[in-house]
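Below you'll find the structure, written out as structure tokens, and then a few comments.
The values are calculated or read from the model by the stated rules, or taken from the named source; none is laboratory data. Since the structure is predicted, the reported quantities are computational estimates derived from the model, not experimental observations. Ideal geometry is used to build each Cβ from the backbone, glycine not excepted, and the neighbour counts take in all protein chains shown.
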Amino acid sequence: MRLSAYKQSLSLLLLVVLTSCQPTIQTVDPVEDAASNETQDKVEQPDIAADNTKAPSEGSDSSAADSLKKEPIFPALQPGEYCYVVDTDTKTVQARLTIDAADRVIGDVQGVIHNEQEGYYTSYQQAVDGLIDGSNLNVDVATWIEYDQQNEQATWKISERSLDIKNDTLTKENCDVVSKAFQNEAGLEASDLTSSANRVKTEQVYFSGGKSSTTVSNSVVRGDRDVYILTAQGGQQMSLAISATDGSAVFDVVTPSGIILGTELTEEKLPLPHTGDYQIIAKSMRGDATYELDIAIE
């Protein structure tokens, strides 16, 4: 009986020893563990965003940052009409430009170059169409000089006070003064011949193969305009004649560069100064007119 009690005491002692040798298992809450890791990452990782906002040190290259903050370039001039002139002993150039709300620029330039000692004289006209970008005019320029027509793209510099065209610097001038250079003796410009019309009908004129003349038959209501476009070469001669039963039909002629060669004509032979599209504008002076228009090129 004492031996059994001894064995029971020995078994209990062994159980206590074995229990004390078991590894300790720690239960971890995954939410708390993730939060702990996030906190550790914040401590260990440098704050990149904070470093990027630091002001550049003196002398550092900040061109990239400056380009992001660069403001858009606005036109140097507000919409409106602007006129410029240069007048020297050998050259007179007048420019008239109109800028609209969409930054489009259209205009005319007229120049005269002369040298009395050498007996040299020439004149030219230009039509301008393009856009204004800051102080730059990026334009398509059609130039009529002698019997030649030239087309080019150019960039001019413009401000309120001056206009730089290649080697010429023009200064601001009153547009009432400059506009006279683009008018005929009666004070009319090419646009005036159709601007007041109730209706404008435009038609291209072609000659049959091997021929250099044609006749157009039509009728026009008083207040309307029939505009015939004929392509011709500078140096040629144009013969025109219009007839109507009541004698009320007449015509105007405008060059490709916008020069008026004649108004309210019934018959005329005209030397052509420029190459391009000429406008022959038929109209009635009273009532409606049924007419025939003879056109010939020599």
* Asked: Quick check, is VAL178 outside the structural domain of GLN236 (by TED's automatic domain parsing) and touching a Phe, Trp or Tyr at 6+ places or on another chain (Cβ under 9 Å)?
  -> yes
* To do: Looking only at segment 112-123, decide whether some residue is closer than 19 Å to GLY258 by Cβ and under 25 Å from the mean Cα position of the chain (by Cα).
  => no
* Restricting attention to segment 240-274, which residues are surrounded by fewer than 21 Cβ atoms within 10 Å (Cβ to Cβ), assigned to a strand (DSSP E or B) and not aliphatic (A, V, I, L, M)? -> SER243, GLY262, THR263, GLU264, GLU267, GLU268, LYS269, PRO271
* **Single condition PHE207 does not satisfy, out of (1) outside any loop (DSSP other than H, G, I, E, B); (2) surrounded by fewer than 16 Cβ atoms within 10 Å (Cβ to Cβ)** => (1)
* Structure fact -> By residue number, the members of segment 149-184 that are more than 18 Å from THR98 (Cα to Cα), surrounded by fewer than 13 Cβ atoms within 10 Å (Cβ to Cβ) and not polar (S, T, N, Q) are GLU152, LYS166
* To do: Kindly indicate which of ALA102, ALA95, ALA127, ALA55 is at pLDDT 95 or above and exposed (fewer than 12 other Cβ atoms within 10 Å of the Cβ).
  => ALA102
* What residue, of ASP133, ASP108, is farther than 19 Å from GLU173 by Cβ, in contact (Cβ under 8 Å) with a residue 60 or more places away in the chain and not β-branched (Val, Ile, Thr)? -> ASP133
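The rows are residues; the columns are (1) of a type in the set (A, V, I, L, M); (2) modelled with pLDDT under 95.
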position: LYS211; (1), (2): no, yes
position: ASP224; (1), (2): no, no
position: TYR228; (1), (2): no, no
position: MET238; (1), (2): yes, no
position: VAL254; (1), (2): yes, no
* **Condition met for ARG225 (of a type in the set (Lys, Arg), in contact with a helix residue (DSSP H, G or I) (Cβ under 7 Å, 6 or more places away or on another chain) and either under 27 Å from VAL128 (Cα atoms) or in contact (Cβ under 8 Å) with a residue 60 or more places away in the chain (or both))** => yes
* If you take the residues in segment 70-101 that are in contact with a Pro (Cβ under 9 Å, 6 or more places away or on another chain) and in a loop (DSSP other than H, G, I, E, B), which one is nearest to THR255 (Cα to Cα)? -> ASP100
* To do: Evaluate the following for ILE229: is it surrounded by 18 or more Cβ atoms within 10 Å (Cβ to Cβ) and within 22 Å of ALA190 (Cβ to Cβ)?
  => no
